[in-house]
1. Does R157 satisfy being out of contact with any Phe, Trp or Tyr (no Cβ under 9 Å at 6 or more places or on another chain) and charged (D, E, K, R)?
2. Tell me which residues, restricted to segment 87-103, are open to solvent by 40 Å² or more (accessible area, probe 1.4 Å) and over 17 Å from Q182 (Cβ atoms).
3. Quickly run through segment 257-292 and pick out the residues that are within 19 Å of the chain's Cα centre (by Cα), of a type in the set (K, R) and assigned to a helix (DSSP H, G or I).
4. Give the number of residues within segment 31-76 that are of a type in the set (V, I, T) and part of a loop (DSSP other than H, G, I, E, B).
5. Could you list, in sequence order, all residues of segment 154-170 that are outside any loop (DSSP other than H, G, I, E, B) and small (G, A, S)?
6. If you go through segment 247-261 one residue at a time, how many are under 15 Å from N234 (Cβ atoms) and among the β-branched types (V, I, T)?
7. Looking only at residues in segment 117-136 that are in contact (Cβ under 8 Å) with a residue 12 or more places away in the chain and open to solvent by 30 Å² or more (accessible area, probe 1.4 Å), which one is nearest to S150 (Cα to Cα)?
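The values are calculated or read from the model by the stated rules, or taken from the named source; none is laboratory data. Note that the coordinates shown come from a computational prediction; the quantities given were computed from them, not determined experimentally. When we count neighbours, we look across all protein chains shown, and the Cβ atoms used for this are built from the backbone with ideal geometry, even at glycine. Note: accessible area is taken over every heavy atom of the protein model, side chains too, but ligands, DNA and RNA are not part of it. Shrake-Rupley method; radii C 1.70, N 1.55, O 1.52, S 1.80 Å.
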Amino acid sequence: MEYAFGGLAACGACLFTNPLDVVKTRMQLQGELLSRGAYSVLYKNSLHAFYVVAKNDGIKGLQKGLVPALWYQWTMNGTRLGLYHFFENQGWTHTHGSVSSFHSIAAGAVSGALGAFTASPFYLIKTQLQSQSNEVIAVGCQHNHTGFLSALQKLYRSSGISGLWRGVSASMMRTGVGSAAQLSTFTKSRETINRLTKLSPSSWKSTLAAAMLSGVAVAAAMTPLDVVSTRLYNQSLDVHGKGVYYSGPLDCLIKVFKAEGVLGLYKGCLANYLRVGPHSVLTLTIWTYLRETELEDSK
């Protein structure tokens with residue numbers, strides 16, 4: 001039941017935020033391993049990228065990769081939020097009757113990393129489909145998939161089952177950090193807001209406020225690793241099945257920093273927040289509502 005609640009909440013949010021994920025992916029791939037001024041800026045900012053994608057790829061282009069994105073959200077967040085709630089129920093996120101920042105961060109990181117591992121193939125396909133575009137605005141490697149199933153078959157035939165988990169280490173770090181920031185911030189903020197304002201524990205107002213704060217924490221903590229994950233998942237492979245640009249997360253992090261500077265690690269940061277912010281609000285609000293509704297019905 002907790003898995004289903006987490007998955008449903010995240011899928012509901014994804015329907016609204018996937019266009020921002022497409023924009024974020026394009027901006028993170030723009031100017032790959034090139035210094036400022038050495039490439040044409042196709043996407044000036046998040047709003048401009050939104051317009052450019054819609055103009056050249058059509059309105060449907062803003063929902064590229066939606067099918068694997070929904071599968072990713074269902075699998076990853078079903079696992080992540082379900083595990084975190086299990087940790088809460090066991091009392092592992094609390095000490096002396098209140099939320100422990102350290103324990104909630106640890107629980108969020110573990111549940112996020114495990115969720116990312118189980119859903120990695122969907123994230124791989126989602127990223128590659130979202131990067132595909134009209135030649136005029138193409139950035140990064142273009143894999144020329146025709147859809148979710150064809151991409152799954154193509155990747156399996158070329159690299160086997162292990163190839164579907166290419167880049168998983170970066171994804172686990174990305175989601176582990178993001179989950180730790182999101183769930184610990186959300187849990188602690190909601191508890192604090194309820195205590196200071198004397199709202200009821202189930203108040204939607206404190207849930208909404210805490211979810212908004214958690215979105216800021218996620219975007220700040222996760223964006224560099226999000227850039228790394230996008231680059232690793234989207235890079236093409238050589239004849240030996242090795243990445244043509246990066247050998248792993250650390251190699252990618254160092255190369256991006258050297259070639260593009262600190263700002264290179266924060267490419268698409270605003271788009272990421274515009275996606276993560278509403279996504280956190282919708283996911284955590286829906287998740288909390290479903291949990292508390294089920295709890296009330298069971299009484």
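1. Considered against the rule, which asks whether it is out of contact with any Phe, Trp or Tyr (no Cβ under 9 Å at 6 or more places or on another chain) and charged (D, E, K, R), R157 comes out as yes.
2. Of everything in segment 87-103, those that are open to solvent by 40 Å² or more (accessible area, probe 1.4 Å) and over 17 Å from Q182 (Cβ atoms) turn out to be N89, Q90, W92, H94, T95, H96, G97, S98.
3. R275
4. To start, the set of residues in segment 31-76 that are of a type in the set (V, I, T) comprises 41, 52-53, 59, 67, 75.
Still in the list and also part of a loop (DSSP other than H, G, I, E, B): 41.
So the count comes out to 1.
5. Within segment 154-170, S158, S159, G160, S162, G163, S169, A170 meet the criteria.
6. 1
7. F122
Results for (1) within 18 Å of L213 (Cα to Cα); (2) among the small types (G, A, S); (3) touching a Ser or Thr at 6+ places or on another chain (Cβ under 7 Å), shown as yes or no for each residue.
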residue	(1), (2), (3)
L232	no, no, no
V244	no, no, yes
L253	no, no, no
Y273	yes, no, no
P278	yes, no, yes
T283	yes, no, no
L290	no, no, no
